[in-house]
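Written below as structure tokens is the structure these notes are about.
The values are calculated or read from the model by the stated rules, or taken from the named source; none is laboratory data. Nothing here was measured: the structure is a model prediction, and the numbers come from that model. All Cβ positions, glycine included, derive from the backbone under ideal geometry; neighbour counts span all protein chains shown.
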Amino acid sequence: MGAALRNAIIGVIAGTLVAIGGAAKDAPYEGFKTKTFLRSPLIGAVVTPIIGAYAPNLPPLILALSTIAVERATVETYKLLRARSGQYIPAKFIYGEYGVPVS
């Protein structure tokens with residue numbers, strides 16, 4: 001197995017763990033969104049081979065943790081830019097605290 005494929009698999013696993021955590025946290029209040037869930041594993045699969053190419057001797061655990069950090073930074077920056085452009089309203093402002101709709 002090539003290094004890029006191994007790193008992509010690590011990225012998908014790390015991204016899936018992030019997605020599971022996010023779904024567990026948000027789904028009871030906002031509902032489950034497949035598109036949002038799949039975003040983290042996809043970003044992990046893309047980002048991890050890039051990280052691995054620049055740091056080829058990272059242990060798998062450190063690579064996975066680095067992937068989680070880059071994935072979170074990427075997604076949160078994307079959401080911020082969308083919110084500033086007016087194309088996106090964060091769910092916490094739509095659903096309110098504990099899923100109670102904001103009037």
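Within segment 30-45, residues that are of a type in the set (Phe, Trp, Tyr) reach partners that are at pLDDT below 95 and surrounded by 14 or more Cβ atoms within 10 Å (Cβ to Cβ) with beta carbons closer than 8 Å, at six or more positions or on different chains, in the pairs 32/23; 37/22; 37/23. Exactly one residue out of 13, 20, 50 is out of contact with any helix residue (DSSP H, G or I) (no Cβ under 8 Å at 6 or more places or on another chain), in a helix (DSSP H, G or I) and farther than 21 Å from residue 90 by Cβ, and it is 50. Within segment 44-61, count every residue that is loosely packed, with under 13 Cβ neighbours inside 10 Å and within 16 Å of residue 16 (Cα to Cα). Total satisfying the criteria: 1.
Once segment 31-43 is narrowed to residues that are at negative phi and not in a helix (DSSP H, G or I), the residue that is surrounded by the most Cβ atoms within 10 Å (Cβ to Cβ) is 33. Being over 18 Å from residue 90 (Cα atoms) and either not polar (S, T, N, Q) or not in a helix (DSSP H, G or I) (or both) is a description that does not apply to residue 28.
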